[in-house]
1. Outside any helix (DSSP H, G or I), modelled with pLDDT under 90 and hydrophobic (A, V, I, L, M, F, W, C): does that describe Leu79?
2. So, in segment 243-259, how many residues would count as being closer than 25 Å to Gln203 by Cα and in contact (Cβ under 8 Å) with a residue 24 or more places away in the chain?
3. For segment 8-38, enumerate the residues that are more than 25 Å from Ala119 (Cα to Cα), in a helix (DSSP H, G or I) and not hydrophobic (A, V, I, L, M, F, W, C).
4. Going through segment 203-259 one residue at a time, which ones are of a type in the set (Asp, Glu) and farther than 25 Å from Asn149 by Cβ?
5. Could you run through segment 24-54 and say how many residues are buried (at least 22 other Cβ atoms within 10 Å of the Cβ) and farther than 20 Å from Leu147 by Cβ?
6. Condition first: surrounded by 15 or more Cβ atoms within 10 Å (Cβ to Cβ) and not in a loop (DSSP other than H, G, I, E, B). Now tell me which residues in segment 89-108 satisfy that.
7. State whether one or more residues within segment 162-174 are surrounded by fewer than 15 Cβ atoms within 10 Å (Cβ to Cβ) and modelled with pLDDT under 95.
8. What about Tyr193, is it over 19 Å from Trp89 (Cα atoms), of a type outside the set (A, V, I, L, M), crowded, with 22+ Cβ neighbours inside 10 Å and under 15 Å from the mean Cα position of the chain (by Cα)?
Amino acid sequence: MTKIVVITGASRGFGQEVALAAADAGLSERYVLVSRSSSASTAEGIAKRQKNAKVEANLIDFAEIDQLEGKLQGILEALDLASCTSLTWINNHGSLGPLQSLEDFTAAQISQIKLEIDANVTSVLVASAVLLRALKASPKEGRRVQLVNVSSLAAVKPFVAWGVYCAGKAARDMVSAVVAEECKGAGVRTLNYAPGPLDTDMQREIREGCAHEATREHFSSLHQEGKLVSPAQSASKLVALLADDTFESGQHVDYFDLK
């Protein structure tokens, strides 16, 4: 019997806090960390919190789509899914993209937009396909699989100058909803979790770099008034939601929806 948690974008920020909260709760026996940069500090934090847990770290750039399928297949082949009784896969990786109005995009920025869509959307499609194929190839009766997409309010609400980011988050939510439909009765359930306006480096990028003044001022006010959400607190809510395991598959759940 093996419980496994896989977290992408696990080197810092919300992904790191989710990993640490999962270890605090003893959610898993084996943690697989995936990120562009070293997850050493996350691995150390897990080891301190859960002494007997096995932790593995993998370096993957999710914008490198041509290499992504093979790298993810390698990770899954090493997991021994045939003996896995519970698998939680959390797609946390992502980026903001250009923070400007659509009319201001130049022809030279089109390649950057494609990279952002690959990193934020295509990568999730690839990861979902690879995971579902691997599960089908290694069937196990009663196995519980949770496929989590770290979403955002931007998936369901438009923000000026966030065209690329909003489009990416909305697309990821729909991928998750489609997987929920395709996997009904197959032991695979999906969740879109919007963690709230987190007090992270990404939030600082918005306050300092967004081209739309009203958007900058809104998030600057949240920061100044202490209304940004602690990543650790939001991560704990997500882990509790996963441990409870009563969410509706394909559902979009916001941090502020939870008690």
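1. Judged against the criteria, Leu79 is not a match.
2. First, the residues of segment 243-259 that are closer than 25 Å to Gln203 by Cα: 251-259.
Retained after the next criterion (residues that are in contact (Cβ under 8 Å) with a residue 24 or more places away in the chain): 251-256.
Qualifying residue count for the region: 6.
3. Asp24
4. The first filter runs over segment 203-259 and keeps only residues of a type in the set (Asp, Glu), leaving 205, 208, 213, 217, 225, 244-245, 248, 254, 257.
Once the filter is applied, which keeps residues that are of a type in the set (Asp, Glu) and farther than 25 Å from Asn149 by Cβ, segment 203-259 yields Glu208, Glu213, Glu217, Glu225.
5. The qualifying residues number 3.
6. Just the residues of segment 89-108 that are surrounded by 15 or more Cβ atoms within 10 Å (Cβ to Cβ), to begin with: 89-100, 105.
Result: Trp89, Ile90, Asn91.
7. The answer is no, given that none of the residues of segment 162-174 is surrounded by fewer than 15 Cβ atoms within 10 Å (Cβ to Cβ) and modelled with pLDDT under 95.
8. Details: over 19 Å from Trp89 (Cα atoms): no; of a type outside the set (A, V, I, L, M): yes; crowded, with 22+ Cβ neighbours inside 10 Å: yes; under 15 Å from the mean Cα position of the chain (by Cα): yes.
It is false that Tyr193 is over 19 Å from Trp89 (Cα atoms), of a type outside the set (A, V, I, L, M), crowded, with 22+ Cβ neighbours inside 10 Å and under 15 Å from the mean Cα position of the chain (by Cα).
The values are calculated or read from the model by the stated rules, or taken from the named source; none is laboratory data. Bear in mind the structure is a predicted one, so any value in this text is a computation, not a measurement. Note that we place each Cβ from the backbone using ideal geometry, even for glycine, and neighbour counts take in every protein chain shown. Surface areas here come from the heavy atoms of the whole protein model, side chains and all, with no ligands, DNA or RNA. Shrake-Rupley method; radii C 1.70, N 1.55, O 1.52, S 1.80 Å.
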